[in-house]
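Below is one structure, written out as structure tokens; comments come after it.
The values are calculated or read from the model by the stated rules, or taken from the named source; none is laboratory data. Since the structure is predicted, the reported quantities are computational estimates derived from the model, not experimental observations. Here Cβ is always computed from backbone atoms with ideal geometry, including for glycine, and neighbour counts include all displayed protein chains. When the accessible area is computed, the model is the full protein with side chains, heavy atoms only, and any ligands, DNA or RNA have been set aside. Shrake-Rupley method; radii C 1.70, N 1.55, O 1.52, S 1.80 Å.
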Amino acid sequence: MTITKTIALITAAAALSGCVGGGGVRDKTVDRQIIGRSSLQELSPGIWVDPRGCDHWLIDDGVEGYLSQRLSPEGKPVCSGAAPPEYVTGPFRGGQDINDPI
């Protein structure tokens, strides 16, 4: 085998090794940080209203924030009017272990 083929095989093996991530789907409800709680379900969500007036769930654990669109059971965006556009309402910082500077 030539040196070029050997280098190509090693490079391909190294590139593909990054694709093997623990062998399955990761549980996205668990915060993987060392500091804080182990479950995002223990934190209090707030609602951020986007410029179109639609709701998004917002959670801030002090280290990182989480945002996802609020959807109806049919999968359509919820635009409840809970707050003015580009405003956050609710206890989205509730339960955080590290306070954000204000």
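Results for (1) open to solvent by 70 Å² or more (accessible area, probe 1.4 Å); (2) farther than 16 Å from residue 91 by Cβ; (3) at pLDDT 70 or above; (4) of a type outside the set (Val, Ile, Thr), shown as yes or no for each residue.
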| position | (1), (2), (3), (4) |
| --- | --- |
| 14 | no, yes, no, yes |
| 19 | yes, yes, no, yes |
| 45 | no, no, yes, yes |
| 58 | no, no, yes, yes |
| 66 | no, no, yes, yes |
| 69 | yes, yes, yes, yes |
| 76 | yes, yes, yes, yes |
Residue 35 fails exactly one of the following numbered conditions: (1) open to solvent by less than 80 Å² (accessible area, probe 1.4 Å); (2) at pLDDT below 70; (3) β-branched (Val, Ile, Thr). What is the number of that condition? (1)
What number goes with the only condition from (1) assigned to a strand (DSSP E or B); (2) at pLDDT below 85; (3) polar (S, T, N, Q) that residue 41 does not pass? (1)
Unmet requirement for residue 54, which otherwise passes all of (1) open to solvent by less than 30 Å² (accessible area, probe 1.4 Å); (2) within 16 Å of the chain's Cα centre (by Cα): (2)
